[in-house]
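Written out below as structure tokens is the structure these notes cover.
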Amino acid sequence: MIIDFHAHPGYSENLNALRAEFRPALRAAKHHGVDWICLSSLADWKESPAPAQVRKGNDAVLALAADHPEEVIGFCYVNPRQTDEALAEIERCVVQRRMAGIKLWQACAANDARVEAIAKRAAELKVPILQHAWYKTGGNGANESTPANVAALAAKHPETIIVMAHLTGAGERGLADVAPYPNVSVDISGGEPEAGMVELAVRRLGARRVLFGTDSPIRSYGATVGKVMGARLTVRQRNLILGENARRLLAGRLGA
Amino acid sequence: MSVDAAAYVGAWPFRPIEGTVADLAGVMRANRVRQAVVSPLDGFFYADPSPANRRLLRRLAGRRRIWGAPIISLRMADWRAQLQALAEKRQVRAVRLAPAFHGYKVAKAQEAAELAAKHGLTVVVQMRVEDERHHPPFVKLPGVALGDVVALAAAAPRARVVASAARLGEVLGDAEHIRQLKNLWLDVSHLDGLECVKQARDAVGARRLVFATCWPFFYARSAVLKVDEAELSARDKAGIMMGNAEAAFGLG
Ligand SMILES: [Zn+2]
């Protein structure tokens, strides 16, 4: 089983345009034998979208999941700066509509106090948080998480399942930051297919804490599948990374 | 079967990456790559890449399907003599220029492109290797503009020019100019994004693209699967995987 833990529907605002944008992603995923795509909206792709934009983005993901119930599972994107609206959106999407995870991007760094209520709710609901993080040489965005920020969140909320996005963006330092916190895994999405990174993640975290994800449409399925198939791994490690870890974290929310 | 237009041997100084010729041969076999055009990674970091080139050619000796693309710095006063000496080596099919690493403008490479053409060598212009966001803090190196490489190919129409490591957005941005040049090829090593190879093919035409892995810096498998996923016609795919590189590097 292959599960893409990290994908976005596309760049369009309008649902029908998004449906058209998403079609080639489904085709590419199928080409590589990907069984499930965990899809999260990034609303209007702005750092801190308004609540209406957040809801509209999640509605699009719900629609795509309804279009493709055997292939797509939704993650609920929220903006922690609007804490009450974020919690209400989690109620709507995760509790009522069975979305399987919570996506956090660049509205707040992971160690921001406003993320705490979301982390607590995720733990209660037993759904993972997919948190963007990166170490950028030129400096991160004002509210863009570093892996150290993710480690701080993980330390405070050991019951919350956190998947830190972007292995190559985290690099050696990011892996060292999160290694002590068993509630943090890393996805291999985003960045270029830099050789050795997947093996390094397995050495640092163990194969049970590394997940396949693409960041489609920003990155291609082929390049990302190639990171796993090109890495020196045992069959067991490869299967964990490609899908078994994700299935464990999604705890029964796959399919009907 | 394919030709890898951009692979390397040697060491990358900022991460434990080391490519040996034996490992390269294994990666080629595993990915059905029949021929490769190979440069020395160390050469990017030497003011005079010659020692790295000599090491490369020693290591490649006796390898029938692995061609050398030694690196030349145009800031070395004797670059013309270096180029001429390399042209006499049977195994050398191209020279790789790294204007960002060695510190000169791509426009300065016109004479080198023409001289290379006179000697039957292809000129590869390295646009980048590592993602600019991951450069070590003491070496922040902006990439080379694809437009400058396009201008070089236009200014030296007899030269064969390969732009190495362009990103998809750059290719789409310069597509109109690229389409018009029959002496310019783009390697696919750094193309990424959903349907990247298909998008690049639609923008510049299948004949302008050459398969390349950027191994050992990248997983070679990523390049193979990226092209594979595009579900191109047999003719387009054969061109991108092999035929175009044979034309670009004059391989039989
Ligand atoms: Zn993403």
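A compact table of results
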quantity: Subset of the range B:226-252 [charged (D, E, K, R) and in a loop (DSSP other than H, G, I, E, B)]; calculated: B:Glu231
quantity: Verdict on A:Arg203 being open to solvent by 10 Å² or more (accessible area, probe 1.4 Å) and either within 16 Å of the ligand (Cβ to nearest atom) or touching a helix residue (DSSP H, G or I) at 6+ places or on another chain (Cβ under 6 Å) (or both); calculated: no
quantity: Top-ranked residue of the range A:206-221 - restricted to ones that are within 16 Å of the ligand (Cβ to nearest atom) and not in a loop (DSSP other than H, G, I, E, B), ranked as nearest to A:Pro9 (Cα to Cα); calculated: A:Ser216
quantity: Residues of the range A:222-251 classified as away from the ligand (no atom under 16 Å from the Cβ) and closer than 30 Å to A:Lys126 by Cα, total; calculated: 20
quantity: Among (1) within 20 Å of B:Phe218 (Cα to Cα); (2) of a type in the set (Ser, Thr, Tyr); (3) more than 7 Å from chain B (Cβ to nearest Cβ) - the single one A:Tyr221 does not satisfy; calculated: (3)
quantity: Of residues in the range A:4-21 being crowded, with 24+ Cβ neighbours inside 10 Å and either over 17 Å from the mean Cα position of the chain (by Cα) or part of a strand (DSSP E or B) (or both), the one nearest to the ligand (Cβ to nearest atom); calculated: A:His6
quantity: A:Asp84, sole failed condition from (1) within 14 Å of chain B (Cβ to nearest Cβ); (2) away from the ligand (no atom under 16 Å from the Cβ); calculated: (1)
quantity: Filtered residues of the range A:189-224 (kept if in contact with a Lys or Arg (Cβ under 8 Å, 6 or more places away or on another chain), of a type in the set (A, V, I, L, M) and either more than 28 Å from B:Val188 (Cβ to Cβ) or touching a residue at least 60 places away in the same chain (Cβ under 8 Å) (or both)); calculated: A:Ala207
quantity: Residue, surrounded by the most Cβ atoms within 10 Å (Cβ to Cβ), within the range A:169-196, restricted to residues that are within 14 Å of chain B (Cβ to nearest Cβ) and under 24 Å from A:Asp35 (Cα atoms); calculated: A:Pro193
quantity: Selection within the range B:224-252 - among the polar types (S, T, N, Q) and open to solvent by 30 Å² or more (accessible area, probe 1.4 Å); calculated: B:Ser233
quantity: Top-ranked residue of the range A:108-148 - restricted to ones that are of a type in the set (A, V, I, L, M, F, W, C) and under 28 Å from B:Lys140 (Cβ atoms), ranked as surrounded by the most Cβ atoms within 10 Å (Cβ to Cβ); calculated: A:Ala133
quantity: Verdict on A:Ser185 being part of a loop (DSSP other than H, G, I, E, B) and under 21 Å from A:Asn245 (Cα atoms); calculated: no
quantity: Counted residues, the range B:134-155 - those being crowded, with 17+ Cβ neighbours inside 10 Å and more than 18 Å from the chain's Cα centre (by Cα); calculated: 2
quantity: Residue within the range B:212-232 that is more than 14 Å from the chain's Cα centre (by Cα) and more than 9 Å from every other protein chain (Cβ to nearest Cβ) present; calculated: yes
quantity: Options A:Trp36, A:Trp45; residue that is among the aromatic types (Phe, Trp, Tyr) and either in contact with a Ser or Thr (Cβ under 9 Å, 6 or more places away or on another chain) or away from the ligand (no atom under 16 Å from the Cβ) (or both); calculated: A:Trp36
quantity: Segments classed as strands (runs of 3 or more DSSP E), wholly inside the range B:1-56, with at least 1 members that are away from chain A (no Cβ under 13 Å) and among the hydroxyl-bearing types (Ser, Thr, Tyr); calculated: B:2-12, B:33-40
quantity: Failed item, numbered, when B:Leu186 is tested on (1) open to solvent by 10 Å² or more (accessible area, probe 1.4 Å); (2) outside any helix (DSSP H, G or I); (3) away from chain A (no Cβ under 14 Å); calculated: (1)
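The rows are residues; the columns are (1) within 16 Å of the ligand (Cβ to nearest atom); (2) in contact with a Pro (Cβ under 8 Å, 6 or more places away or on another chain); (3) part of a helix (DSSP H, G or I); (4) over 18 Å from A:Phe75 (Cβ atoms).
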| residue | (1), (2), (3), (4) |
| --- | --- |
| A:Val94 | no, no, yes, no |
| A:Asn111 | no, no, no, yes |
| A:Ala133 | yes, yes, no, no |
| A:Gly141 | yes, no, no, yes |
| A:Ala152 | no, no, yes, yes |
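The values are calculated or read from the model by the stated rules, or taken from the named source; none is laboratory data. Here the structure is a predicted model, which means the values were calculated and not measured. In this analysis, Cβ positions are derived from the backbone assuming ideal geometry, glycine residues included, and neighbour counts consider all displayed protein chains. Accessible surface areas use protein heavy atoms only, side chains included; no ligands, DNA or RNA. Shrake-Rupley method; radii C 1.70, N 1.55, O 1.52, S 1.80 Å.
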